[in-house]
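Asker: I'd like to ask you about the structure that follows.
The values are calculated or read from the model by the stated rules, or taken from the named source; none is laboratory data. The model shown is predicted, which means the values in this text are computed figures rather than measured ones. Backbone-built Cβ (ideal geometry, glycine too); neighbour counts: all protein chains shown. Please note that ligands, DNA and RNA were not included when accessible areas were found on the heavy atoms of the full protein model with its side chains. Shrake-Rupley method; radii C 1.70, N 1.55, O 1.52, S 1.80 Å.
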Amino acid sequence: MATWCDCAAAVGVSSGTDALLCSLMALEIGPGDEVITTPFTFFGTAGAIWRVGAKPVFVDITPDTFNIDPSRIESAITDKTRAILPVHLYGQMADMEAIMAIAERHGLAVIEDCAQAIGAVGKGRKAGSVGTVGCLSFYPTKALGAMGDGGMIATGDAALAEKICTFRLHGETEKYHHKYVGGNFRLDSVQAAVLIIKLRHLDSWIQRRQTHAARYAEWLTDVDGVVAPIARPENVHTFNYYVIRVRDRRNEMMTHLADCGVSSAIYYSLCLHQQECFAALNHAAGDFPESERAADGVLALPIYPELSEEQVAYVAESIKGFVA
Ligand SMILES: Cc1ncc(COP(=O)(O)O)c(C=O)c1O
């Protein structure tokens with residue numbers, strides 16, 4: 001995996017969530033620290049920051065990619081900021097060049113959340129190979145899915161990889177001697193055995209996703225009120241999810257698709273700054289308008305390698321039927 005991700009090292013861990021948690025622990029980020037991230041992501045991203053005792057500081061997204069907007073990051077930095085945690089949402093990388101420039105200026109670590117973006121490329125760099133660490137998920141819905149939970153931390157820093165291995169095993173440096181308090185973050189051997197076989201197919205599976213995405217884009221051009229996902233020219237999008245924006249009646253469209261036998265999903269219907277468990281952060285609706293707009297309009301259509309061209313056409317026809 002290290003080779004595949006263009007990294008010096010990759011450490012198997014128990015899940016994508018634990019990859020984030022273990023990375024934050026190994027970077028010794030904790031109480032009193034702040035970590036900048038996006039409010040429009042899977043809960044586990046900010047949950048990991050909270051669990052180490054640090055404060056998630058949210059920065060709004062850019063509407064075309066749904067990823068953290070680098071132009072808003074610098075104003076969120078304080079003397080407590082320790083790291084930036086961009087998420088490469090849906091399979092498209094955040095603007096890592098801009099993020100790394102900010103991080104270097106302020107001496108911050110960068111934790112890439114690559115859970116949805118294995119194989120994605122931005123400006124010629126692979127997801128997980130740019131930041132201090134890159135966190136992968138092998139949850140079964142991911143482009144490379146195990147038969148259960150699994151994850152990995154990629155890094156270009158061999159010493160940090162060693163420290164991460166220590167945190168993966170309760171911070172143990174020699175038998176029954178614990179330099180740190182870590183956790184049990186091991187990748188299960190059975191999952192590893194499945195993943196090492198599936199890895200051989202990953203490139204072709206990603207290509208199939210991209211072919212389906214191109215077909216969807218053709219079929220959905222000119223459908224009123226529907227915007228197909230956009231990959232910026234410098235990015236290779238892997239389409240872990242194929243997420244359209246629906247101008248209005250998104251939920252009704254979802255019901256219509258279900259009536260047609262097509263499942264769809266909303267990633268994510270409630271932004272993280274609006275979650276009950278983060279009430280102490282004192283955010284309110286309206287704080288991150290682009291994220292909230294996205295939460296109200298996104299809809300993920302079926303995408304996976306085995307999908308047939310006819311099925312893609314059927315999904316698109318079902319959408320056209322609803323709009324008509
Ligand atoms: C953006 C993001 N971060 C983190 C995770 C957590 O990964 P896992 O489910 O393997 O714990 C996920 C998984 O859905 C995710 O989509």
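Asker: Just give me the residues in segment 58-83 being surrounded by fewer than 21 Cβ atoms within 10 Å (Cβ to Cβ), under 16 Å from F288 (Cβ atoms) and without any contact (Cβ under 8 Å) to a residue 40 or more places away in the chain, in sequence order.
Answerer: P70, S71, R72, S75
Asker: Can I ask one more? Could you list, in sequence order, all residues of segment 31-43 that are open to solvent by 10 Å² or more (accessible area, probe 1.4 Å) and either over 19 Å from Y139 (Cβ atoms) or of a type in the set (D, E) (or both)?
Answerer: Of everything in segment 31-43, those that are open to solvent by 10 Å² or more (accessible area, probe 1.4 Å) and either over 19 Å from Y139 (Cβ atoms) or of a type in the set (D, E) (or both) turn out to be P31, G32, D33, E34.
Asker: Regarding segment 261-272, can at least one residue be identified that is open to solvent by 20 Å² or more (accessible area, probe 1.4 Å), under 18 Å from Y304 (Cβ atoms) and free of Cβ contacts under 8 Å to residues at least 24 places away in the same chain?
Answerer: Within segment 261-272 (the criterion being open to solvent by 20 Å² or more (accessible area, probe 1.4 Å), under 18 Å from Y304 (Cβ atoms) and free of Cβ contacts under 8 Å to residues at least 24 places away in the same chain), the answer is yes, since at least one residue qualifies.
Asker: Follow-up question, since we're still on this one. May I ask you to list the residues in segment 99-126 that are more than 16 Å from the chain's Cα centre (by Cα) and part of a loop (DSSP other than H, G, I, E, B)?
Answerer: Those that are more than 16 Å from the chain's Cα centre (by Cα) and part of a loop (DSSP other than H, G, I, E, B): G107, L108, K123, G124.
Asker: Cβ-Cβ distance below 7 Å, separation of 6 or more or different chains: which pairs start in segment 9-28 with a residue that is crowded, with 24+ Cβ neighbours inside 10 Å and end on one that is of a type in the set (K, R) and part of a helix (DSSP H, G or I)?
Answerer: Listed pairs, sorted by first residue: V11/R168; V13/R168; L21/R51; C22/R168; A26/K163.
Asker: Continuing with the same structure: Name the residues in segment 69-98 that are in a helix (DSSP H, G or I) and in contact with a Ser or Thr (Cβ under 6 Å, 6 or more places away or on another chain), would you?
Answerer: G91
Asker: Could you tell me whether segment 21-29 includes any residue that is of a type in the set (D, E), away from the ligand (no atom under 15 Å from the Cβ) and farther than 17 Å from L89 by Cα?
Answerer: Yes, segment 21-29 has at least one match.
Asker: On to the next question. Tell me, which helices (runs of 4 or more DSSP H) lie completely within segment 127-222 with 2 or more residues that are surrounded by fewer than 21 Cβ atoms within 10 Å (Cβ to Cβ) and within 16 Å of the ligand (Cβ to nearest atom)?
Answerer: 189-198
Yes/no matrix, rows are residues, columns are (1) touching a residue at least 24 places away in the same chain (Cβ under 8 Å); (2) in contact with a Lys or Arg (Cβ under 9 Å, 6 or more places away or on another chain); (3) closer than 14 Å to R247 by Cα:
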position	(1), (2), (3)
E276	no, no, no
N282	no, no, no
S291	yes, no, no
L299	yes, yes, yes
Y304	yes, yes, no
S308	no, no, no
V312	yes, yes, no
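Asker: Please enumerate the residues belonging to segment 281-319 that are within 19 Å of M253 (Cα to Cα) and open to solvent by 70 Å² or more (accessible area, probe 1.4 Å).
Answerer: Once the filter is applied, which keeps residues that are within 19 Å of M253 (Cα to Cα) and open to solvent by 70 Å² or more (accessible area, probe 1.4 Å), segment 281-319 yields R293, D296, Q311, Y314, E317.
Asker: Considering each of D18, D95, D60 in turn, give the residue that is within 15 Å of the ligand (Cβ to nearest atom), within 16 Å of the chain's Cα centre (by Cα) and among the charged types (D, E, K, R).
Answerer: Within the list D18, D95, D60, the selection yields D18.
Asker: What about I111, is it open to solvent by less than 30 Å² (accessible area, probe 1.4 Å), more than 13 Å from the ligand (Cβ to nearest atom) and modelled with pLDDT of 95 or more?
Answerer: For I111, the condition - open to solvent by less than 30 Å² (accessible area, probe 1.4 Å), more than 13 Å from the ligand (Cβ to nearest atom) and modelled with pLDDT of 95 or more - is not met.
Asker: Touching a Leu at 6+ places or on another chain (Cβ under 9 Å) and polar (S, T, N, Q): does that describe T65?
Answerer: yes
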